[in-house]
Each structure stands twice: as structure tokens, then as C-alpha cells.
Amino acid sequence: MTKAPKQLDDGNYISPDESLKRLEDIVVDDSDGEMDVLEEPGKSGAKPIPIKSFRIESLDDRYRIHNVEHQGELYVVDWSKELLDEGNMHTQKDWRYIARRSQFTLASAPFYTSTIFALYNDKEHPDLKQRGLVEEVGQMFEDDFSKHWMMTSTGALYKSQGEGMVTHGWGPAKSENICEHLVGRRKYIEPQCGARKVIGVVLGTTNLVKVKHAYEWISGRKPYFYRLNNLPEGDIERAVVLGFDLHGRLGINCIGYDGFARGCSVTRAEEFYGNDDGKSHNL
């Protein structure tokens, strides 16, 4: 089925009406020298999957992705199987309050990227069940991007004078990053695009080769970086949203206004495996 792209304004903002390595298996040196493994239920004799390597669980309301590498640390990342708030669209500001009523929050653009990298790394997983789950989660993201602008917890503050600001997350976990070249030309994301630094601030990585390949793999579209072309007359806040545009591209869109959201919850791997209940917390 052909997926229809969405309209993207060619101006400096999107209005509400217009907006629609693999980590190698990690062997843990426990005191007994043995590696923790997980046998798949009902498959006695199946090759065991190391607990602390990449793997996906399909639970009732979420996909749980184990050992996602994110900025030098490993995380267990949960993604909701349903869109938040029954699939309604909101501004980023409204999502901050709506997420307080949920066990999920919104992923930042870097956590989206880290998750997509993890799936891309293991697209040829040797375990057929895991490979199927990689495809299943990847298809979920592709469907999201093809139908909606997907909201992240990453924001862009364009200033009329001086450097811009990119923020990730909300509350105590919020990070603020000064971004010298937030305003500039829009362009395809590729190694020689000349926007490596600003894309790195937004997506959490300057590995544009991998960004290009992983995002294109998961969406079938070339990733395209949207931002304000010129300095605004006054300070403007916008959200980073992800989705297809009318030109057949996957927009990494730093001039978003509103969008839909899929829930995300993350736990540092060392905390997850150190707790019997594996309770997650939002970041």
C-alpha cells in the first residue's frame, strides 16, 4: 500500500492546521565466571540468548528492548504498543502535562536515534524470533512516520540574537545544549552536508553515515533536516518531530508545532538487572 506523505510548510514554521552495534554480546564476568542466559519459554534445548545482550520482549502493552547503547551507557527501553492519549495530537507543551498521567513519557530525539541504531545493528539477528521482533518494531516506527508527525521531548529555541538552544527531556532530567548554528539551510543528512555539529546536538550523535543508513533503513526514505532558514524577529520555540513530508523524505523536523506520541520509558541496564522487579523509570 502506498503511503501518502504529509504537507510541510515551506516557511519558517509549521502551523497547527498544517502539521500532521549492534553491540557485541556482552559477556559479564560474574563472581562464578558464568554468563547469565535466558532460555525462550517452551523451547527447551534452544540456543540460549545472553540476558545482557541486545534482545526484544513483546509484552502486553509494550516492546521492551534490552541493552540499547545510548551515549556510552546501556539502557533497557520500553516503547508503548499504542499511541499515547488514544492517538490524539497535541503540542509539545501539552504533552508535558499529559505524560504526567501516564507510566510513559516521550522519547527525546537522541533516544529515538539510539533505538533505531539498535534495531539497525541487529536487523540480521541470528535468532529468528529476535529478527522477527526487530522487523515488527521497525515496522511500527515506519507506520508512525508515514502517518503522523511524531512528537519528541526535544525542543529547539531559536533566538533573534545569539546562539540557539536545543533541549532534551523535561523536569530534573532535562538537558540544555547551546547550538551555534541552529538556524541555517535545510538539507539531506549525509556526511558532507555541512551540518554535522547541529545535527549531532539534535540527534545525539555526529555519526552521520549511520544516521543516514539507519533512518533510511527503518523508513525507506532519505532523512532530511528541517530548521529555520533565517533568524526570527523574536525568540521562537519549536518541537523536534519526525515524519514523512510531501517530497518523499523522512523529516528530522526542528520546526514542529504539534504531533502524535508513542510512549517511552527507559532504565539504565545496570539498575534494571540489579533489581528483581526490573522497575522502569522515566528519563
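The values are calculated or read from the model by the stated rules, or taken from the named source; none is laboratory data. Note that this is a predicted model, so its numbers are computed, not measured. Cβ atoms come from the backbone with ideal geometry, glycine included; neighbour counts cover every protein chain shown.
Residue count for the range 140-184 under the criterion of being more than 21 Å from S80 (Cα to Cα), surrounded by fewer than 20 Cβ atoms within 10 Å (Cβ to Cβ) and touching a Ser or Thr at 6+ places or on another chain (Cβ under 8 Å): the result is 6. So for the range 218-234 (the condition being closer than 22 Å to L83 by Cβ, more than 15 Å from the chain's Cα centre (by Cα) and not assigned by TED's automatic domain parsing to the domain that holds P110), does at least one residue qualify? Checked against the condition, which is being closer than 22 Å to L83 by Cβ, more than 15 Å from the chain's Cα centre (by Cα) and not assigned by TED's automatic domain parsing to the domain that holds P110, the range 218-234 yields at least one hit.
Restricting the range 184-194 to residues that are closer than 17 Å to T113 by Cα and in a loop (DSSP other than H, G, I, E, B), the residue that is farthest from the chain's Cα centre (by Cα) is P191. Scanning the range 197-206 for residues that are buried (at least 16 other Cβ atoms within 10 Å of the Cβ) and either touching a helix residue (DSSP H, G or I) at 6+ places or on another chain (Cβ under 6 Å) or among the polar types (S, T, N, Q) (or both) yields a count of 4. Scan the range 185-208 residue by residue and report those that are over 17 Å from S175 (Cα atoms) and in contact with a Ser or Thr (Cβ under 6 Å, 6 or more places away or on another chain). Within the range 185-208, just R196 meets the criteria.
In the range 158-183, which residue that is part of a strand (DSSP E or B) and among the polar types (S, T, N, Q) is nearest to E237 (Cα to Cα)?
Within the range 158-183, the first condition is being part of a strand (DSSP E or B), and the residues that meet it are 158, 164-168, 175-179.
From what's left, among the polar types (S, T, N, Q): 167, 175, 177.
Details: T167: 11, S175: 16, N177: 14 Å.
Only one residue fits best here, namely T167.
All conditions but one from (1) crowded, with 19+ Cβ neighbours inside 10 Å; (2) under 25 Å from L157 (Cα atoms) apply to C193; the one that does not is (1).
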